[in-house]
Amino acid sequence: MPLLQSWFDRSLLDGKTLILLVAILLVLGICWIGSRLLRRQPAANLDAAIIRTFDNRVSAWLMICLLLAVTMMFGQILTVVFFFFVSFWALREFITMTPTRRGDHRTLFWVFFLFTPLQYVMVALDKYQLYTIVIPVYASLFIPGRIAMTGDTKRFLERIAKIQFGLLICVYALSHAPALLYLKLHRLNLTTYEWEEWDGKPAGVLLFFVVMVQVSDTLHFAWDRLFGKHVIAPTVNSTRTWEGIIGAAVGTAVAGMLIQLLLPVTPFTWYGAGIMAALISVMASSGSMTMSAIKRDRGVKDYGTLVQGHAGVLDRIDSVCFAAPIFFHVTRFFLERPEKAAEVTRELTSLLPF
């Protein structure tokens, strides 16, 4: 028992977070079994393409959540390492999909083996002032400069844009997910309406974020199939509808509020959790649409192969990549230094003409 208690104290999980983690794994496991059984049904009874897509999504999320659960049990560093490998794999898929020239290869070496690991080292060291600027500033200047030195000017702007965007989305944006583990957050006491230090474990915030992305993707998929009538951009994605975006945002907000009321794993108020969940959903939908547009531009169906018969890792984390930095910065702004946030908000409000 003392050994078990010692391990539990070192892990990122507390009782409420562990319950939520087990619950989401059970739900995914049940959905995985159900999708497998449905795939065995006669094709005349069900739409095989929809069942296959649903099964692929559930299988990928189940594997990701299982790996994330294991890393959370052993602390922050292993969780950061897990996200590093996911970023590396996703960036590899993105670059593979976007053909490069011989003059880009040395630049890509620095992108993969300097800037990508450096980003996660800075996250692990909690160097906020560095990991928020190194890639968008220094790497973005290094990439065109290094490619220019090769003397190859053919499609120069297009080539540097591909590499910069891949690094920005697959590495910089995704690294904000494990960065949530290092935030020192506060919570609003709804009885006294005073801010106080939050005594929960940081894995709760990360797990809340991941679960909300899952819920949003699932609801968006369901609403598109069941109620979708107004397609947003048929040439980008013929199944993504406005009904899906709105329905997913509302449903995810309700799910976020319910989780916070039943298992308060974050420092958000119940209504704050709903607002953040809706924000996650909107950004997740934006990420999926953006990556679909890139795939259509390149003439591919999927970015790669996560496991045999399934789409690539980037196809499953595109929504995470877009939602992570927004969720991180909004959470940090309002809950790490709430007094400062209130002061800035008052100053901005005073500038409004009404």
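Brief remarks follow.
- The stretch 10-40: number of residues that are surrounded by 15 or more Cβ atoms within 10 Å (Cβ to Cβ) and outside any helix (DSSP H, G or I): 4
- Of all the numbered requirements in (1) modelled with pLDDT of 95 or more; (2) of a type outside the set (Asp, Glu); (3) over 27 Å from ALA341 (Cβ atoms); (4) surrounded by 14 or more Cβ atoms within 10 Å (Cβ to Cβ), TYR138 misses one, and that requirement is (4).
- Flag if THR150 is of a type in the set (Ser, Thr, Tyr), over 22 Å from ARG332 (Cβ atoms) and over 24 Å from the mean Cα position of the chain (by Cα): yes
- One residue alone among ILE143, ILE147, ILE163, ILE169 is among the β-branched types (Val, Ile, Thr), under 30 Å from ASP318 (Cβ atoms) and in contact with a Gly (Cβ under 7 Å, 6 or more places away or on another chain), and that residue is ILE147.
- Only listed residue being of a type in the set (A, V, I, L, M) and either assigned to a strand (DSSP E or B) or surrounded by fewer than 19 Cβ atoms within 10 Å (Cβ to Cβ) (or both), chosen from VAL250, VAL265: VAL250
- For the stretch 70-107, filtering for residues that are over 28 Å from PHE156 (Cα atoms), aromatic (Phe, Trp, Tyr) and in contact with a helix residue (DSSP H, G or I) (Cβ under 7 Å, 6 or more places away or on another chain) leaves 3.
- The set of residues from the stretch 141-167 being surrounded by fewer than 22 Cβ atoms within 10 Å (Cβ to Cβ), under 18 Å from PHE109 (Cβ atoms) and among the hydrophobic types (A, V, I, L, M, F, W, C) comprises LEU141, PHE142, ALA148, MET149, ILE160.
- Candidates are the residues of the stretch 298-354 that are modelled with pLDDT under 70 and of a type in the set (S, T, N, Q); the one that is surrounded by the most Cβ atoms within 10 Å (Cβ to Cβ) is THR305.
- Within the stretch 190-209, residues that are more than 20 Å from TYR271 (Cβ to Cβ) sit with their Cβ atoms under 7 Å from residues that are assigned to a strand (DSSP E or B), at 6+ positions apart or across chains, in these pairs: GLU197/HIS186.
- Condition check for ASP224: modelled with pLDDT under 90, of a type in the set (Asp, Glu) and closer than 22 Å to ALA60 by Cα: yes
- Residue, modelled with the lowest pLDDT, within the stretch 93-117, restricted to residues that are assigned to a helix (DSSP H, G or I) and hydroxyl-bearing (Ser, Thr, Tyr): THR96
- Of the residues making up the stretch 227-239, those that are surrounded by 15 or more Cβ atoms within 10 Å (Cβ to Cβ) and either modelled with pLDDT of 85 or more or closer than 23 Å to ASP297 by Cβ (or both) are VAL231, ILE232, VAL236, ASN237, THR239.
The values are calculated or read from the model by the stated rules, or taken from the named source; none is laboratory data. Remember, it's a predicted structure, so these values are computed and weren't measured experimentally. Note that each Cβ is placed from the backbone with ideal geometry, even for glycine, and that neighbours are counted across all protein chains shown.
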